[in-house]
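Trainee: Please find one structure pasted underneath; my questions will follow.
The values are calculated or read from the model by the stated rules, or taken from the named source; none is laboratory data. Small disclaimer: the values here were computed from a predicted structure and weren't measured. FYI the Cβ positions are ideal-geometry reconstructions off the backbone, even for glycines, and counts take in every protein chain you see. Remember, those area values only see protein heavy atoms, side chains included, never the ligands or the DNA or RNA. Shrake-Rupley method; radii C 1.70, N 1.55, O 1.52, S 1.80 Å.
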Amino acid sequence: MLPFENIIIIDRSSTTPIYRQVALAIINAICDSVLKPGSHLPSSRELSKTLSVHRKTVIAAYDELQSQDWITVVPRKYVAVSACI
């Protein structure tokens, strides 16, 4: 598993909501080919623990990414990168 604490840097003093910061960091990692199509992302529980944020924050980020077709979410199974648009 990739070191997501190094890929996703959260600026708690920023006016950008944390869930958007997480989503944007994942989008950048996909476009920079750090995360390749088909690669699995950590579960919301695992990523929230890694980043020291509330699980609902990660769920909101994943919902945002899924609505923009960046990731595919299969509940109780996995979260995977779709493709770079």
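Trainee: Using the alpha carbon gyration tensor of the chain, what are the three equivalent-ellipsoid semi-axes (square root of 5 times each eigenvalue), largest first, in whole Å?
Mentor: Gyration-tensor ellipsoid for the chain: 18, 14, 12 Å.
Trainee: Express the carbon and sulfur contribution to the solvent-accessible surface of segment 2-84 as a percent, rounded to the nearest whole number, probe 1.4 angstrom.
Mentor: The computed percentage sits at 51.
Trainee: Within segment 56-74, whose backbone N sits under 20 Å from a point 7 Å along Cα→Cβ of residue 14?
Mentor: Zone members listed by number: 56-71.
Trainee: Also, I was wondering about something else. Give the long-range amide H neighbours of residue 71: residues separated by 5 or more places, or on another chain, with amide H under 5 Å away, using H modelled in the peptide plane at 1.01 Å from N.
Mentor: It is 66, 82, by chain and number.
Trainee: So what's the angle, to the nearest 10 degrees on a 0 to 90 scale, between helix 55-67 and the longest Cα principal axis of the chain?
Mentor: 40 degrees
Trainee: As I understand it, the dipole of segment 1-61 uses +1 on the Cβ of Lys and Arg and -1 on the Cβ of Asp and Glu, about the Cα centre. Which of 37, 17, 7 lies farthest toward its positive end?
Mentor: Most positive-ward Cα: 17.
Trainee: Moving to a separate point now. To the nearest 500 deg cm²/dmol, what mean residue ellipticity at 222 nm is calculated for the chain from DSSP H runs of n ≥ 4 alone, each contributing -39,500 (n - 2.57), summed and divided by the residues?
Mentor: -13500 deg cm²/dmol
Trainee: Please work out the C-alpha center-to-center distance from segment 16-47 to segment 53-85 and express it in whole Å.
Mentor: 8 Å
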